[in-house]
1. For Met67 and Ile143, calculate 0.36 nm times their separation in residues minus their Cα-Cα distance, and state this gained length in nm to one decimal.
2. Which length gain, in nm to one decimal place, applies between Ser112 and Arg31 when the Cα-Cα distance is subtracted from 0.36 nm times their residue separation?
3. For the stretch 1-54, state what percent of all Cα-Cα pairs lands in each successive 5 Å bin, counting from 0 Å until the bin that includes the largest distance.
4. For the Cα atoms of the chain, what angle does the longest principal axis make with the long axis of helix 99-111, in degrees from 0 to 90, nearest 10?
5. At most 12 other Cβ atoms within 10 Å plus a DSSP loop assignment makes a site exposed; report the longest stretch of the chain without any exposed GluC sites (Glu not before Pro).
6. What part of the accessible area of the stretch 3-136, given as a whole %, is carbon or sulfur when the probe is 1.4 angstrom?
7. Using a 1.4 Å probe and counting only protein heavy atoms, arrange Lys35, Lys113 so the residue with the most accessible area comes first.
8. Grab every C-alpha pair in the chain, bin the distances at 10 angstrom width from 0 up to the longest one, and report whole percents.
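The values are calculated or read from the model by the stated rules, or taken from the named source; none is laboratory data. Every value quoted in this text rests on a predicted model; they were computed, and no experiment measured them. Note that each Cβ is placed from the backbone with ideal geometry, even for glycine, and that neighbours are counted across all protein chains shown. Areas reflect the complete protein model, heavy atoms only, side chains present, ligands, DNA and RNA absent. Shrake-Rupley method; radii C 1.70, N 1.55, O 1.52, S 1.80 Å.
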Amino acid sequence: MDLKQEKLEEILRKYKAQPVGNGYIDVIVNRDYYKDFIAESIFNDFEINAISWWEYTKEISDRKFGMGGPKSWFFDGWFAEICTKDSYEEFNIMEYTSRKERIDTILEKIHSKVFKYFDGNISFLKNEELIPAFWFNVPDSWINQYIGT
């Protein structure tokens, strides 16, 4: 594992970020940590190119929006996948935007997220259950080393 990948692993551990699978896509980050996770990732020159969405519940059977998914490694509950992914090329226009501008853009996308749901809209700001997951633009050969506890 090279030093850059080791740094990403360190960030995952620090912010209790849970990858789904063995790569660095769909890295679920609890609401208590997502802002600092994004900032540290960007300040270490990692590119986030998409956000997917998960619902966090105490029991998987209590999910309202998500389909199902893994038990949290760090928290007393489960994640249920909301089958949507938002890709954002503008997050990574490094030569045109500062790190702070990239962080602010990602946060604005998260904070303005609204899903059209069969019985109304659900939004990140009004629904504590919604959790973002981040997709990193890293080499396909990188396999995460932080699999479960």
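1. Details: separation 76, 0.36 × 76 = 27.36 nm, distance 2.55 nm.
Between Met67 and Ile143, full extension yields 24.8 nm more.
2. 27.7 nm
3. 4, 19, 33, 31, 11, 2, 0
4. Here the helix axis deviates by roughly 10 degrees.
5. Values: sites that count: Glu59, Glu95, Glu128.
In the chain, the maximal stretch lacking such sites is 1-58.
6. About 50 percent, which is the carbon plus sulfur part of the accessible surface.
7. Working: Lys35 105, Lys113 30 Å².
Solvent-accessible surface, decreasing: Lys35, Lys113.
8. 11, 43, 35, 10, 1
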